[in-house]
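Structure first, then comments.
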Protein chains: 2
Amino acid sequence: MGVQFHNGNVKPSLHAFMGTTLPGSRPGLGMEAPLGIFGDRAGDDTAVLDAMGEARLFDRDQSLFAEGDAANAVYRVMDGLVRLYKLLPDGRRQIIGFLRGGDMMGLAAGERFAYTAEAVVPSTVRRIPRARVTALMDERPALARTLLAAMTAELMAAQEQMLLLGRKTAREKLATFLLANDERAQDASGRIDLPMSRTDIADYLGLTTETVSREFTKLKTARVIRLMEGGKVELVDRDTLSELAECA
Amino acid sequence: MGVQFHNGNVKPSLHAFMGTTLPGSRPGLGMEAPLGIFGDRAGDDTAVLDAMGEARLFDRDQSLFAEGDAANAVYRVMDGLVRLYKLLPDGRRQIIGFLRGGDMMGLAAGERFAYTAEAVVPSTVRRIPRARVTALMDERPALARTLLAAMTAELMAAQEQMLLLGRKTAREKLATFLLANDERAQDASGRIDLPMSRTDIADYLGLTTETVSREFTKLKTARVIRLMEGGKVELVDRDTLSELAECA
DNA sequence: CGATACCTTGACAGGAGTCAACTGGCGTGG
DNA sequence: CCACGCCAGTTGACTCCTGTCAAGGTATCG
């Protein structure tokens, strides 16, 4: 008995993670800012931010900050991969985003962080004190617009993720995840680099490790993807994957 | 056999919906802006916004705009209740937020809206062209900060909702929902006004109508809540409800 | 090369979904 | 005014997708 697939429409997939990629910075790495209310005049204000703060290397599983810590700074991932997550009292974990090079975090926080940030692999992260950011906004009002555009993108991604978590099946979730990463994490040979564990993926998609593993296997058996060494994935049949993702 | 409850910690619940309540405006109705990076100098810039645009009455189930429409304006709910939702091609629906008086929407949009907005009950909504907002931001740079604070609150609520959708059980979801509304939708007698249907609640919590109804019944049988006429709910035992919500 | 962590696979269980019937309120129209 | 139809809500019976528990495989690393 082969894997049975639903029918569905082929549509562009969601493309953004929770991380705020500043438009105009790191061309080719960051996602494009939506051409909305704030994005129309986004300059390269981020070049200023990049020169600020100190870059630091975080080891695998080392935390940048924890839920409840005072939110005194914003962070910018230069290289590597960072996970953001929230916990329930009994230990259930929901990953709310993965951040890659060029992404920012910590902008959307109150006095204290509402989530924990950890390096998935050794990662270089720049820490920028909040006072610096506010001061810079005073100097350059355009920066506020840039940040608004970045937060817009982040919020839209969050809404897309709510649709996924609330209404998609396990298979649709994984297919959506793979296609989202197809746009963000392709290496030179067109393969997707997924350095995070099955548990991480499960906690991001609202599933268990076992279910993620089973769905990976089914996609592999159906020749839709190929699992390569080093956690890389090759998308063999993107059309089928798009159908499976049920993207709006 | 009575309803069996889990044990858990009593913690403050999530309190915000997807709507962006502008801090400083409509005291007592809007939620407080987090005292974060942008909120520290949020003035009453929103008074200016309130004077702009035209207020209009929308009937029950009438849409303000649909997913895919050009995002030419932002909207502010003056009175009533509005639902925001996304659809999958096959009709599955995820409500990403309910907006009450004082809430804004449409700030976080690209060229086109990524969700549909509909009045749940007859609602008065102010429509403010985007050009007005951008112009006003040029005049008053502080407005950008206010908007950033508002979007921060919205994003934090979205992340809390991701935790709910991805990791909470049906009972925990409903308990969380009731407590969230306890802070937002209390009437004079301390009861919660829930004008939306069971289907709306289900689509907001990632459940089905039947499951929502069953959990309501269980809470009622356990004397934790009382279902009143007119869609009102009285929270009899908030402590138990907090335990059930498993809020972090 | 052994220890450990991660992944995969199998067997089984259970929570939520599906399908269906029944109830009650409400508006409409005979 | 009351009957009817309609819709939302509730409840029951049953299904099934995903979770749980457990075992075995494989890669990594000291």
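Each residue, A:Thr208 and B:Val121, gets one label point 7 Å from its Cα in the Cβ direction; the gap between the two is 4.2 nm. Highest average first, the peptides A:168-176, A:122-130 ordered by how many other beta carbon atoms sit within 10 Å of their residues are A:168-176, A:122-130. Loop-located trypsin sites (Lys or Arg not before Pro) in the stretch A:62-117 (DSSP state not H, G, I, E or B) with no more than 12 neighbouring Cβ atoms inside 10 Å do not occur. For the stretch B:140-199, the convex hull drawn through the C-alpha positions has a volume of 123 cubic angstrom per residue.
Calculate the FRET efficiency for A:Met52 and B:Glu111 from the Cβ-Cβ distance with a Förster distance of 30 Å, rounded to the nearest 0.05. The calculated FRET efficiency here is 0.45.
How many angstrom separate the Cα center of the stretch B:191-237 from the Cα center of the stretch B:116-155? After rounding, the separation between the Cα centres reads 31 Å. When A:Asp59 is represented by a point 7 angstrom out along its Cα-to-C-beta vector, the spacings to that point in the other copies are 6.6 nm, nearest first. A label point on B:Lys220, set 7 Å along the Cα-to-Cβ line, lies at 5.0 nm from each of its counterparts in the other copies, closest listed first. In this structure, the pairs whose alpha-carbon distance is over 21 Å, taken from A:Lys86/B:Lys218; B:Lys86/B:Lys173; A:Lys232/B:Lys86; B:Lys173/B:Lys232; A:Lys168/B:Lys220; A:Lys173/A:Lys232, are A:Lys86/B:Lys218; A:Lys232/B:Lys86; A:Lys168/B:Lys220.
Note on B:Gln62 and A:Asp59: their simple-model spin labels are 6.3 nm apart, each label 7 Å out from Cα toward Cβ. Sorted from longest to shortest, the spans of the Cα atoms of the stretch A:118-170 along the three principal axes equal 48, 30, 12 Å. Neighbour counts of C-beta atoms inside 10 Å place A:Met137, A:Met104 in the sequence A:Met137, A:Met104, starting with the fewest. Counts of other chain beta carbons within 10 angstrom of each beta carbon in peptide A:125-133 average 1. How far is it, in nm, from the label point at B:Ser197 to the one at A:Ser197 when both lie 7 Å from their Cα along the line to the Cβ? Label-label distance for B:Ser197 and A:Ser197, simple model: 4.4 nm.
Measuring spread by the Cα atoms of the stretch A:166-232 yields a radius of gyration and Dmax of 11.4, 34 Å.
When the alpha carbon gyration tensor of the stretch B:117-248 is reduced to an equivalent ellipsoid, its three semi-axes come out at 33, 17, 14 angstrom, largest first. Label-point spacing at B:Asn72 relative to the other copies reads 4.9 nm, in ascending order, each point sitting 7 Å out from Cα along Cα→Cβ. Put in line by how crowded their Cβ is, counting other Cβ atoms within 10 Å and starting with the fewest, B:Asp79, A:Asp138, A:Asp50 read A:Asp138, B:Asp79, A:Asp50.
Radius of gyration (Cα atoms) of the stretch A:44-132, expressed as a multiple of 2.2 N^0.38 Å: 1.05.
Quick note: the coordinates plus some simple rules give every number you see, no bench work behind them. Since we're looking at a predicted model, the values are computed, not measured. Note that each Cβ is placed from the backbone with ideal geometry, even for glycine, and that neighbours are counted across all protein chains shown.
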